[in-house]
1. Pop out the Kirkwood hydrodynamic radius of chain A from its pairwise C-alpha distances, inverse of mean 1/r, in Å to one decimal.
2. Sort B:ILE140, A:ILE22 by Cβ crowding within 10 Å, fewest neighbours at the top.
3. Dipole magnitude of chain A about its Cα centre, charges +1 at Lys/Arg Cβ and -1 at Asp/Glu Cβ only, in debye to the nearest 20?
4. If eta is 1.567 mPa s and T is 4 °C, what Stokes-Einstein diffusion coefficient results for the range B:252-372, Kirkwood Rh from Cα pairs, in µm²/s?
5. Which of the GluC sites (Glu not before Pro) across the range A:59-142 are loop residues per DSSP, with 11 or fewer other Cβ within 10 Å?
6. Would you mind listing the distances between the A:GLY40 label point and the same position in each other copy? Use 7 Å along Cα-to-C-beta, nm, one decimal, shortest first.
7. Of the GluC sites (Glu not before Pro) in the range B:212-319, which ones lie in a loop per DSSP and count no more than 12 other C-beta atoms within 10 Å?
8. How much of the DSSP beta bridge set in the protein assembly as shown is antiparallel, as a percent to the nearest 5?
Protein chains: 2
Amino acid sequence: MEGWIDAAAAPLPPRAVALADIAPVLAEGAVLAGPVTAPGDWPPADRAARDGVAVASSDTLGAGSYNPVPLPGAVTVAAGEPMPPGTDAVLPVEAIQNDGGFVEALGSAAPGEGVERRGEGVSAGTVMLEAGHRLRPQDIGLLAALEIATLLIGPRPRVRIVLAGGPRSGPETLGAMLSALVARDGGAVELVGPLPADRAALAAAYAAPGADLLISAGRTGVGEDDVAPLALADAGELALHGVALRPGDSAALGRAGGVPALLLPGEPMACLTAYELLAGRAVRRLAGRNPALPHPAVEAVAARKMVSEIGCTELYRVRRTVDGMVEPVASPHRPGLAGAVRADGFVVIPAESEGVPAGATVTLRCFDGTSL
Amino acid sequence: MEGWIDAAAAPLPPRAVALADIAPVLAEGAVLAGPVTAPGDWPPADRAARDGVAVASSDTLGAGSYNPVPLPGAVTVAAGEPMPPGTDAVLPVEAIQNDGGFVEALGSAAPGEGVERRGEGVSAGTVMLEAGHRLRPQDIGLLAALEIATLLIGPRPRVRIVLAGGPRSGPETLGAMLSALVARDGGAVELVGPLPADRAALAAAYAAPGADLLISAGRTGVGEDDVAPLALADAGELALHGVALRPGDSAALGRAGGVPALLLPGEPMACLTAYELLAGRAVRRLAGRNPALPHPAVEAVAARKMVSEIGCTELYRVRRTVDGMVEPVASPHRPGLAGAVRADGFVVIPAESEGVPAGATVTLRCFDGTSL
């Protein structure tokens, strides 16, 4: 399924954003679309690293509080100001005595002391930030100093979320949850519905132009009202219905209106699981981000066994125990989000595994710490 | 200084947000202003946990593929639908044979099998989420299912950032960096400037109404142009100028226009440090968040010694080494953001410590993983 998603959802073209407008884009978790290279040395010339008096260090030899040394040409500098010609050190104000304009050094300075050398921070041509790097506030500060005015960052795919109504609580209540998940992964949400379980109405919503990805929730099962896969076939192509994933096995993949489409189950826990393991990957791919799960991964010891059917990827909701292990709070067979709310994270048992015994090391994927 | 900030910056009143409008608020990293209690059982009645046929389990005793058992009153149910009266289990479709409306069970069901019991997810009155909890997508899904329409969440303080211009690169380039930092900590930014180093102009910008917190960058040093502390005294109160923090020792604290005010140095690294260790705490306090540093903390071994002056809190920019230790990339005395861009995080040496030797365990605060 990952292969299908990666083939169907290629990264969209990057967008150019002015550095002055970057703060809200950082809040979306933007990543660089390409490397950023220093256009010049930083700092561009030797400059004061602190407030004080710029001196030729050789003029201060032997100076001390009992041996003040006159500094006839002394120039006061603020941190960040260029070094005046003929100077190579900055004495701090505490090491200066100023008596009506007659300036004396009360201490000596070594060459380069209190000075930030040209290129000390970054030298011209250095790759400062790699493609895919998630921008941090200090990166923006350095880029502004280097007078880089525009950045190429990952695109913001337009994701249509269609809610195909069902029994309460089903898909009709999932709009805010799915919107938050798509925003976390870098997408801009268009929320449609809840719509009735009507094949033609769903097909029209699926095929409408203006989206880069379609995600639908509900009506993917085997009942009479489960018209979402049929509607997808009408709107484009139903490539696969039924996936080896628990919860979430009624999910479907295909295309609608020329873009990739993922149908998620309406049962809320199955919907969350199919989003995390399938749809989220498509959003992150389109957004030019790392397609892997965004949840921080930590190694942990299983407090109890977690069994899984061979051939089926199963997701266990788990919580940390007081002794630092993880234990399941709900079987993959149990529906409902209450277990995911109680959980600290989840453990994925891959298809080729029949599970892990108590005491085994597993990878805990933390719900907290996924950053937007 | 933390005590001063905590006293000066009390949490603002919480705000009510409709669940339908919560997705962008999640993107801001919103936290709950109070606990959320389940208003009723979830699910509110026994219901199907999977698609299939609702049965009385006693009717299926002994059924098997070689011993089909007739189910005359069988009712098809979709996952999430209430259990019909007189039924207590759901047989999956694979365990059913339907020949023109004549339904037979090909397997037996235990009582409760395939059923989600009333209150199994959450029972009425349970505290589901604590005050201060950072909302996650699945929380929103469960709250929607429980028909909780409105949440009380932490406020969004209005933070005015005044740039007091200086030598390039100084405060005039720090707007985007500071805006991103304030947004990360939950504030809404009003960016003013860059303004000239004019005492009256700065005082007017500091004292203007409409902000919950004032942050100014630049002109805090000891030079003639360093008028920010004087302007703060004019606009309200200069409580402290000069803090035992490196980099960042020219920072100042006070009040302006009736709200807390923090003056940060214009040197970019000193500005970043003073934001992280002082101003950010004020933003998080006002926003009702955990005031502690938001950077994930991990234990690590120092690859080299880090010395620090007693009485001064010093911040080392560090990177991880290939063997999993951390080493400084720049001394606290060195200016510039280039070191912070190369760094994976930072180590704070507290005022009462004279530093740590190589091999000591330190707390690495990671730049990545701070979530917005």
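1. Values: mean 1/r = 0.0408 Å⁻¹.
For chain A, the Kirkwood estimate is 24.5 Å.
2. Numbers: B:ILE140 29, A:ILE22 24.
Fewest-to-most Cβ neighbours within 10 Å comes out as A:ILE22, B:ILE140.
3. Working: 28 positive and 41 negative charges, 235 e Å.
Rounded to the nearest 20 debye, it is 1120 debye.
4. Working: Rh = 15.2 Å.
For the chosen part, D equals 85 µm²/s.
5. A:GLU130
6. Result for A:GLY40, in nm, nearest copy first: 6.8.
7. Values: sites: B:GLU224, B:GLU237, B:GLU276, B:GLU299, B:GLU309, B:GLU314; in loops: B:GLU224, B:GLU309.
Sparse-neighbourhood loop GluC sites (Glu not before Pro): B:GLU224.
8. Numbers: 106 of 142 bridges.
Of the beta bridges lying entirely in the protein assembly as shown, close to 75 percent run antiparallel.
Here, each number is a calculation from the coordinates, and none is a lab measurement. As the structure is a prediction and not an experimental result, all values here were calculated from the model. When we count neighbours, we look across all protein chains shown, and the Cβ atoms used for this are built from the backbone with ideal geometry, even at glycine.
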